[in-house]
Amino acid sequence: MHLDDFGEMPLRQVPREPHVMDLLTRLARRKSAIMIITICSGVLFVAFTFLMPHKYSGLSTLVPPEKQSGQSGILSFLTGSGALDLMKGQENPALSTFKNVLDSRQLAEQIIKDSMVRDYYSHWDTSKLSLIAAVQSSIEAEPLRNGILNVGVTVKTHWMPDKEEIQRAKLLVPHLANLFVVHLDRYNREKLMTTAKFTRIFIEEEYQERLSQLDTAYAKLQSFQEVHKAIALPDQLTATVTGAALLASEVQRLEMQLGVEEREFSASSGRVSILRAQLQEARQQLKKYDDGGVGEYVIALKNVPEVARTLAGLMREVKLLETISAYLRQQLEQERISEQRDLPTLQVLDPAIYPEWRASPSRSIMLMLGLFTGLFFSLFYVAIKDFSEDVRRNPEGHVRYLNLRASLLRRNRAKVGV
């Protein structure tokens with residue numbers, strides 16, 4: 001029997017393991033569809049950026065006020081600069097205060113009074129609460145450890161913004177940032193002036209009290225000199241009295257400063273602890289003038305004869321009150337000047353500028369996202385397409401799938417030939 005007698009016989013396909021080249025072949029066969037879907041997806045994503053709301057941002061960098069050379073010690077403690085000088089390495093509490101002010105509702109209520117701000121945000125909602133919420137959402141304050149305060153402003157447009165709205169949003173960015181800085185500076189000035197007022201009243205009361213005590217001390221000294229015919233002290237004792245008087249005045253200054261600090265800060269703060277330690281040390285040094293031990297040529301006041309010791313005590317009291325009164329008088333004049341001062345207290349290191357480019361959406365990022373999304377769906381499309389063709393060519397290998405599809409479509413079970 002010849003081989004041709006059998007006629008044409010179908011070749012039996014031998015199943016084989018899938019290979020990566022098979023996958024590449026399928027992708028190459030569908031390369032046109034893959035490219036079309038990927039490119040269309042990228043174009044759609046980029047086109048969507050023209051419909052999305054645009055955001056424009058600006059950043060102002062602020063430097064908080066520093067301690068001025070002419071500022072009194074007590075006022076510097078009240079404003080916090082004195083404490084900051086001794087607590088280096090910690091965050092500036094003034095920056096946290098400024099951040100809270102920028103985020104406050106009260107400041108937002110002042111901002112919405114501006115005609116340009118109100119005209120722009122009133123397109124969303126004209127209610128006061130909505131305007132305040134829009135202004136508060138546009139500001140972001142970030143205090144840095146290096147003592148700088150970043151004030152970021154972001155202005156958003158509507159969907160499908162036109163050129164006019166985009167231009168208005170760009171112009172509003174530096175204007176809004178400048179408004180925040182101006183109102184923050186006004187708040188800080190008012191706070192400093194109010195603090196200076198209270199400090200001036202406190203110092204003025206202390207000054208009047210010391211003047212009254214000084215008059216009484218003068219009268220006592222005069223009466224004692226008249227009774228005991230004692231006019232002056234020896235030079236060595238005078239030096240002791242002068243040194244003790246200066247140290248006693250330092251003790252009283254520290255006591256006043258500690259009283260102010262304890263009203264402003266907690267008892268466990270670093271500044272209060274340091275002042276207490278300084279006060280304790282000054283008191284110990286002052287006690288040495290009474291007991292001896294200050295120096296070899298310094299007379300201990302307890303060893304001085306009674307009349308001289310009493311006279312020395314009266315003269316020390318007079319010198320002490322004279323020193324304290326002079327100090328308080330100087331501070332009082334400085335506080336009066338500070339109370340009337342109306343100068344900017346914040347330094348703008350880098351003001352917000354007109355944004356040339358939008359902060360979002362980024363078309364380059366959207367393009368990449370669209371291309372990756374299109375590529376993913378194109379590969380999914382190729383897999384579905386190949387699977388459908390394989391089911392059509394070889395239904396015997398997909399009986400379960402055909403039965404499931406028939407059940408979902410409420411048809412009879414698939415009939416597949418053997």
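Read-outs: derived from the displayed coordinates by stated rules, not from any lab. What you are looking at is a predicted structure, and each value in this text was computed from that prediction instead of being measured. Positions of Cβ are generated from backbone atoms using ideal geometry, with glycine treated the same way; all protein chains shown enter the neighbour counts.
If packing is taken as the average number of other Cβ atoms within 10 Å across a peptide's residues, how do 349-355, 190-196, 251-257 rank, most packed first? Before the final figure, lay out each step's value.
Details: 349-355: 14.9, 190-196: 16.6, 251-257: 18.3.
Output ranking for 349-355, 190-196, 251-257: 251-257, 190-196, 349-355.
When the scattering of region 90-172 is computed by the Debye formula from its Cα atoms alone, each counted once and equally, what is log10 I(q)/I(0) at q = 0.14, 0.22, 0.25 Å⁻¹?
-0.55, -1.02, -1.19
Rank by packing, highest mean first: peptides 324-331, 280-287, with packing defined as the count of other Cβ atoms within 10 Å averaged across residues.
Descending packing order for the listed peptides: 324-331, 280-287.
Where in region 92-188 are there chymotrypsin sites (Phe, Trp or Tyr not before Pro) that are in a DSSP coil and have at most 12 other Cβ atoms within 10 angstrom of their Cβ?
Answer by residue number: W159.
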